[in-house]
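Presented below is the structure to which this report refers.
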Amino acid sequence: MLHEVLLVARKDLRVEWRSKVTIGQVAPLALLVLVVFAFAFDANARLLGLGAGGLFWVAVLFGGTLLIQRAFDLETDDGNFDAFRMSTIGAPSLFLGKSLGVFIQVVLLELVLGPGVALLYDVRIDDWFLLLAAALAGTVAFSVCGVLWGVMAAGVRVRATLLPLLLIPVLAPVLLAGSRAFETAFGVRAEAGWTWASVMFVIAAVHTAIGVGTFGFLLEEG
Amino acid sequence: MSTVVDFHKVVAVAGGFPVLAGLDIEIAPGEIVHLRGSNGVGKTSFLRACAGLIPIRAGEANVLGFDMRVDRRAPRRYIGLLGHENHLYTDLWVREHLEFRASVVGASEGDVGAALRRVGLSERLWSVPIERLSAGQRRRVAIASVLISRPQLWLLDEPHAALDSEGREFLDGILIDAASSGATVVFASHERDVLKSVASREVTLRGGRLWEDSGAA
Amino acid sequence: MSQIPDSKHMTATLGTRILGSVAVAAVLLMTLLGLVVSPEDLVQGHAVRMLYLHVPSIWIAYAAFVLTAASSVLFLIRSRSRADGGRHHDRLAGSAAEVGVLFAGITLVTGMLWGRVTWGTYWQWDARLTTTVLLFVTYLGYLALRRLPADPIVRGRRSAVMALISFVNVPIVHFSVDWWRTLHQKASLSVGRRPEITGEMYWTLLYSTLTVTVVASWLIVHRYRVIRLEELRDEEALNALIASRLREDDVGN
């Protein structure tokens, strides 16, 4: 099974390597969002510093939703889901493989966004360990939720509008927890950042379990 | 196993429409069956029903000895399906795509090279993104993907579409080889004359069921 | 001959006629009790009457979503073994979700009106309001997913998985939002004194809850039947199509 998971993830990353959509398009777009936030807050350095954690996660949500859309478009564009249905790769492996692929691409996105937030919003990091743990937990949670909803909207004509509608309410706790944990890591809020980080680990675990259990239902036609 | 595909009064529904309506057909190992009929008579649906991709609503259907009403996933691993679409990751290089398909079915990298040579795709195109290939070249890559999985049952939907005459000759050779090694081939095609040489049997569908059958050769 | 039962067996059975009449009568009495009989609150005055619609609505919304989740699980478990492919559970899940969304909407509107009177603003980032709005949008998404054209079984499975995830998320959302608001805005949470619910107010609230439950059940039953009728209509059209295709001996394709 691990072999299959890695096969699927490696394939998705190779597609990214060849097409450079994440690095070439989504990451710059997310950076642009950071700039636009500064317009919304009238470049008020204090406000931007206070909200930096939340703005980071909103930008990740925005860019990540596009990545998930893309991860499923490449399966539906030329009928590749049929190839998966015909293959011996099990639905749980496909779910975990797609999630791993999305995870690594969202990490790439965050590696661009993180320095962007730090520089543009003048953020100092008090607690690196918390920052990395929260980023890890939030990204895992985002990836598994995204893949679970992504397959539901895959191949549907209205997928571009449907996916965010389905995804954002479910990700609301991740946004909330990620923002608070980052604020603690940035030292602008003296609260239990670690508890927020563990909330995200719980969310990630719950959705991974649901995905492994139900992905097969979502893959079959008729 | 005396029959590879055994459909008896099969009714199948897709998109709220009875695409197969009382289809009776038996196909034996080693046959090369040419499915004919105008648009919308159920050729694609028959192929997809054989692959277990659409459910059987009524009648009896066995594929490779598996009862499709019980578990239509069971025979899939022995089936090579080529649909209207090519099932290609167009961002990948030709070789990368086939290496992925090969690793899924447990084939080696050597098989990839062999399959690409077999479909006559020149070596200079192996390291080119699939999206830069012409429609006919993509079709060849798609056929190579099926070839790699060494299926017992080949289900090909308009495989000759977009292929040039050289490509068709390659394909015909592949199908004949597959059949002579015991596999069964079912392909849908409009182009009768070109293919008469390959098919051992011609089956015409109409209105979701069998209309004419030349019988096993 | 149509297999679709006539209205005596579908939309107008004796049982639901009685249920409907009871619901209408109960709503009238609820209006009377809520607006006239029950007293004003010492602090909130007449605004407290919003309670009799607000609280039962959220209770019904949650109950409906529980029903949706339970039916969805049954659908996923039993869809292979049941003759109708588990469609009964699918219909129940769909109709309950519709009613749940309706009452979640009522909760939000009454909550905001109430907030305007007691807090002086329509919206407070109150934990319960925030949770409710997320719940509302989640199930709107669920209904959007159900509306997508798809094979009934495919649609059923997809919506069942979504209902399951949405339901598992309810406590997660509730906990995180609640924790968020209580952690650093304790002051804003105190809405002034909560009305003391005793005597006539208590009985009115209890009665309203019962009434709203009856109304919701009535709505769910009818939505279920309408969905079933739609399915029967599609099924009958399909069977006619199959029959006509099977009969055709030599005509056309």
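Protection proxy ranking, highest mean first, for peptides A:137-145, B:179-187, C:40-48: A:137-145, B:179-187, C:40-48, where packing is the per-residue count of other beta-carbon atoms within 10 Å, averaged. If you average the alpha carbon positions of segment A:157-222 and of segment C:1-40, how far apart do those two centres end up, in angstrom? Segment A:157-222 and segment C:1-40 have Cα centres separated by 41 Å. Please work out the Cα center distance from segment A:34-64 to segment B:13-38, rounded to the nearest Å. Cα centroid of segment A:34-64 versus Cα centroid of segment B:13-38: 58 Å apart. In this simple spin-label model, placing a label point 7 Å from the Cα along the Cα-to-Cβ direction at both B:ALA162 and B:SER134 gives a separation of 1.2 nm. In chain A, the longest principal axis of the Cα atoms and the axis of helix A:159-185 are about 40 degrees apart.
So with the 1.4 Å probe, I'd like the accessible area per residue for chain A, rounded to whole Å². Value returned for chain A: 38 Å² of accessible area per residue.
Here is how the number arises for chain B: DSSP H runs of 4 or more residues each give -39500 (n - 2.57), the sum is divided by the residue count, and the result at 222 nm is -9000 deg cm²/dmol. A cut-off under 12 angstrom between Cβ atoms defines the neighbours of C:ALA97, and their net charge, with Lys, Arg +1 and Asp, Glu -1, is +2. Share of carbon and sulfur in the accessible area of chain A stands at 69%, probe radius 1.4 Å.
The interface between chain B and chain C buries about 1300 Å² of solvent-accessible area in total (1.4 Å probe, ligands and nucleic acids excluded). Only protein heavy atoms count here, probed at 1.4 Å, and on that basis chains C and A bury about 2600 Å² of accessible area in total. Under the membrane-span-like helix rule (DSSP H runs whose alpha carbons stretch at least 18 Å along the helix axis, mean Kyte-Doolittle hydropathy -1.0 or higher), chain B yields B:135-148, B:165-180.
Nonpolar atom fraction for chain B, defined as the carbon and sulfur part of the 1.4 Å probe accessible area, stands at 47 percent.
In the neighborhood of B:ARG139, defined by Cβ-to-Cβ distances under 13 Å, what is the net charge if each Lys or Arg adds +1 and each Asp or Glu adds -1?
Working: positive: B:ARG138, B:ARG140, B:ARG168; negative: A:ASP78, B:GLU85, B:ASP157, B:GLU158, B:ASP164, B:GLU166.
For residues surrounding B:ARG139, the net value is -3.
Here each label is just a point 7 Å from Cα along the line to Cβ, and for B:GLU191 and C:TRP123 those points are 6.1 nm apart.
Compared with its chain on its own, segment A:58-91 contains the following residues whose accessible area drops by 50 Å² or more in the full protein assembly (probe 1.4 Å; ligands, DNA and RNA excluded): A:ASP78, A:ASN80, A:ASP82, A:MET86, A:THR88.
Output the peptides C:129-135, C:19-25, B:102-108, C:107-113 sorted from most to least packed, where packing is the average of other Cβ atoms within 10 Å over each peptide's residues.
C:129-135, C:107-113, B:102-108, C:19-25
Under the convention that each Lys and Arg Cβ holds +1 and each Asp and Glu Cβ holds -1, the size of the dipole of chain A around its Cα centre is about 140 debye.
Rounded, prolate or oblate: which one fits chain B, using the alpha carbon gyration tensor with axes a ≥ b ≥ c (rounded when a/c is under 1.5, else prolate when a/b beats b/c, else oblate)?
In terms of gyration-tensor shape, prolate.
Helical runs assigned H by DSSP (4 residues or longer) give chain C a calculated mean residue ellipticity at 222 nm of -26000 deg cm²/dmol, each run adding -39500 (n - 2.57) before division by the residue total. In this simple spin-label approximation, C:VAL154 and C:LEU42 carry label points 7 Å from Cα along the Cα→Cβ vector, and these lie 6.3 nm apart. Summing +1 for each Lys or Arg and -1 for each Asp or Glu among the other residues whose beta-carbon sits under 14 angstrom from that of C:LYS8 gives +1. Per residue of A:162-174, other chain Cβ atoms within 10 Å of the residue Cβ number 6 on average. Across peptide A:207-219, the average count of Cβ atoms from other chains found within 10 Å of a residue's Cβ is 3. The mean count of C-beta atoms from other chains within 10 Å of the C-beta of residues in C:160-168, rounded to a whole number, is 5.
How high is the FRET efficiency from C:GLU231 to C:VAL73, r the C-beta distance, R0 25 Å, rounded to 0.05? The computed FRET efficiency comes out at 0.75.
Could you calculate the FRET efficiency of A:VAL107 with B:TRP211 from 1/(1 + (r/R0)^6), where r is the beta carbon distance between them and R0 is 56 Å, rounded to 0.05? Taking R0 as 56 Å, the efficiency between A:VAL107 and B:TRP211 is 0.50.
The values are calculated or read from the model by the stated rules, or taken from the named source; none is laboratory data. Because the structure is a prediction, the values reported are computed rather than measured. Note that we place each Cβ from the backbone using ideal geometry, even for glycine, and neighbour counts take in every protein chain shown. To get the accessible areas, we keep the full protein, side chains included, count just its heavy atoms, and leave off ligands, DNA and RNA. Shrake-Rupley method; radii C 1.70, N 1.55, O 1.52, S 1.80 Å.
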